[in-house]
Each structure stands twice: as structure tokens, then as C-alpha cells.
Amino acid sequence: MELGVMIQLSDRTEQKLAQLADMGFHACQLNCWNPALYTEQVAESVKAMLAKYDVHISTLWCGWSGPAVWNFYEGQKTLGVVPEQYRAQREQDLIRGSDFGAMLGVAQIATHAGFLPEDPNSPVYAEVMEVLRRIVAHCKQNGQYFLFETGQETPTTLLRTIQDIGYDNLGVNLDPANLILYGKANPVDALDTIGKYVRDIHAKDGCYPTDGRELGRETALGEGQVNFPALIAKLRAMGYDGPITIEREISGEQQIADILKAKMLLMDCIG
């Protein structure tokens, strides 16, 4: 298992890559929320930076345009490809993200698809499946896996979605903290349902919701309710030997300190 860190594609990408190298990392997930950056010029610039700092991208994490509200009310109406009013544009955003990943030579992209309907008989479920099939088919043409980031749906709904889409280039970007922050599952138990599809992991921690409107609270690794020793042991028993990407959703010196703390905790778990 190789440890990496989540970084943002921005005018500070080179600075972040230099910090990664200084901290002893050689892998990252590259996160982009601005589809306007999906150009050959930007891809060439990023590849030069990666070579300079001896870092490779495990997964390109593709955001999408339009509003994004991270709670249980407005989130249903704004996140991913589920909201009808944003669906067509976000389909194109993710297809462009796949093409950008191909320019970078990245073998998998990930995203939040939104609050996938729990009811497979819902008309919205059928509509969203068609959009996802087109995106996944495009990824397949680019020789890529399409990864669902966990959190906004139960593991059972995610498993059903993967089965109903029906392509062989589907996987999971396991964010164990999100399963807790959204109150959807215990991440260790969730592996019984979706573990065989895991292809990248966010090493992130947090607490269950205590408010029916707001997500739970993200924390530094080891300070939340994710049992990382048990999670990594179970992943290893299932044959997982892929990347583990540290994600800490704060900035500044405390973020760096928390990333280094997470690195030590994870190295102890990996052995």
C-alpha cells in the first residue's frame, strides 16, 4: 500500500507538490473543481511538475461546475449528476475530466455522483443510470476506471448502481470518513458490500452527524470514529494493495501537521 495526499489543481499546485516531496510522499490524488483547466496546456504543465518532484497521480478527482452545498437538504438539490437542472452540464464536465485524465496518463477518475436514489424503481434512478453509463463508457474508451466516492449513498445503493450500470471499469474511491459524516455506514462493515470494488482510499476521519440537517464533523486522523487499524487489516485480508490518499479538509500549518500525524498512524497500521 502506497501513501499519498490529496492536492488541488490551482495556481499553487507546484507548491503543494514540493510540500509532498518534502514530507516523503511520491503519490497524490489530484483534485479539480474547475473544468476550464482541463486543457492540454495545463496537462503538460502538471506532468512537468510531477516529474520535477517525483510524484505520480493515483486518481484524478473530478469536480463539476455549478453549486455544491454539503448538507442533507440543499445537498440533495445541488450535488453530482442527480439534480436534473445540472445533470447535462455535469455529464460534459466529467467527460472532459476523463479526457484530461487521459492527457495526464491517469488510469482512473473519481467523483461524487450525488445522493443516488435509494429506490431503484424511482424514475430519477433510471435517468441517472443512463447519464452514468455514458460517462463510464467514455472512461472505458480512455482506458480508465470510473470510481464512485463513498458517502452520499448507502453501500447497498452503491453496489446496486455499479451492478445496474454493468460496465467492468467501475470501482470505488473509499472515503471511510464520508460514510460516517453522512451517517450511511460503518466503513469497516461496508467492505462486506463494496470492498471488492475499492481502487483508492481517502484516509480521512470524522464523527457521525448529531443534527438531521448537517453532516458530521471531519477530524484529524485518529480523532474521529473511523477504526483505521481494523479497516486496513480487513482491506489487506481482502487483497487490497492499492493507494491510500490522506485527505485533511483544512489549510495552513495545521493541515501539514495533521498530514504528518496521519502518515505515522497509517504506517503503523500498514506495518
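Every read-out reported here was derived from the displayed coordinates using simple, explicitly stated rules and does not represent laboratory data. Just so it is clear, the model here is predicted, and its values are computed rather than measured. When we count neighbours, we look across all protein chains shown, and the Cβ atoms used for this are built from the backbone with ideal geometry, even at glycine.
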Decide, for segment 107-180, between rounded, prolate and oblate: order the square roots of the alpha carbon gyration tensor eigenvalues as a ≥ b ≥ c, take rounded if a/c falls under 1.5, and otherwise choose prolate if a/b is larger than b/c, else oblate.
oblate
Quick query: amide H of V198 versus all other amide H atoms, modeled in the peptide plane; which residues come in under 5 Å with a sequence gap of 5 or more or a different chain?
V172
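Working out 0.36 nm times the residue gap between K196 and Y73, then minus their Cα-Cα distance, what length gain in nm do you get to one decimal?
Values: separation 123, 0.36 × 123 = 44.28 nm, distance 3.11 nm.
Net length gain for the segment: 41.2 nm.
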Summing -39500 (n - 2.57) over the DSSP H runs of n ≥ 4 in the chain and dividing by its residue number, what mean residue ellipticity at 222 nm do you reach, to the nearest 500 deg cm²/dmol?
-14000 deg cm²/dmol
If each part is reduced to its alpha-carbon centroid, segment 202-260 and segment 108-145 end up apart, in Å, by 25
Kindly provide the Kirkwood hydrodynamic radius of the chain in Å, to one decimal, from all pairs of distinct alpha carbon atoms.
18.7
Relative contact order for segment 2-270: what is it in percent, counting Cα pairs under 8 Å that are at least 6 residues apart?
16
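Going highest first, how would you order 86-98, 257-269 by mean Cβ packing within 10 Å? Mind showing how you got there, number by number?
Values: 86-98: 20.2, 257-269: 16.5.
Final packing ranking: 86-98, 257-269.
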